[in-house]
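Heads up: the structure comes next, in C-alpha cells.
The values are calculated or read from the model by the stated rules, or taken from the named source; none is laboratory data. If you're wondering where the values come from, they're calculated on a predicted model, not measured in any experiment. All Cβ positions, glycine included, derive from the backbone under ideal geometry; neighbour counts span all protein chains shown.
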Amino acid sequence: HIPLDISPPPVCKLLSAELQEELSRTGRSREVLELGQVLDTGKRKRHVPYSVSETRLEEALENLCERILDYSVHAERKGSLRYAKGQSQTMTTLKGLVQKGVKVDLGIPLELWDEPSLEVTFLKKQCETMLEEFEDVVGDWYFHHREQPLQRFLCEGHVLPATET
C-alpha cells in the first residue's frame, strides 16, 4: 500500500531545499547581464549582476521538480525524512542479497528497481503544482526576503496552515 495523499510539508521542504541548493551553486558567479536596448529614446542598457537577476531565478526553477526524481523513499524513516537522495537502506540490503545469489522477488524486474517509485513520481507532480501556485511567493522571497530560509518563508509563511510548522 502506497500512501499517495502526500501532504504539503514534504513537498515544500524538498522544493525549498532543491531551489536553495541550485541558487547556492550559481551564487558565486561574477557575471553581469546587460538588459534593455539602446533605442532612439536614448535609454541605456542596465547592468545587473547575475547573482541577483531574474535570469538566475528562472534557470534555477527550470528543472527544479525534475530533480525530485533523484529522491528515494526511505521507508525506515519517518515524516519528511522519508524522502532522501540515494538508495534506501532496504533497497541496499535487497541488492546485496541478489548479488550473493539470493532470489528476491519484488514483483518488478530487477532493472526497474532503480526507477523512481510511484510515490516519488507523485511527489514530483505535487512539486510542479506547488511551484505553479506559489511562483509569485518564490519570486517575492528571491527579490526581497533572501535573508530568510526559503523553507520558513514559503512553507511556514504561505503553504502550511498557521498551526503547522
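Could you tell me which of the residues Leu4, Leu97, Leu106 is out of contact with any Gly (no Cβ under 8 Å at 6 or more places or on another chain), under 23 Å from Glu119 (Cβ atoms), modelled with pLDDT under 70 and not in a loop (DSSP other than H, G, I, E, B)? Walk me through it before giving the result.
On the way: Leu4 fails: not in a loop (DSSP other than H, G, I, E, B); Leu106 fails: not in a loop (DSSP other than H, G, I, E, B).
Result of the check over Leu4, Leu97, Leu106: Leu97.
Check His74 against each of (1) modelled with pLDDT of 80 or more; (2) under 16 Å from Pro10 (Cβ atoms) and name the one condition it does not meet.
(1)
Could you check the range 121-165 and list, in sequence order, the residues that are assigned to a loop (DSSP other than H, G, I, E, B) and surrounded by 11 or more Cβ atoms within 10 Å (Cβ to Cβ)?
From the range 121-165, those assigned to a loop (DSSP other than H, G, I, E, B) are 134, 145-149, 160-165; that's our starting set.
Matches in the range 121-165: Phe134, His145, Arg146, Gln148, Pro149, Leu160, Glu164.
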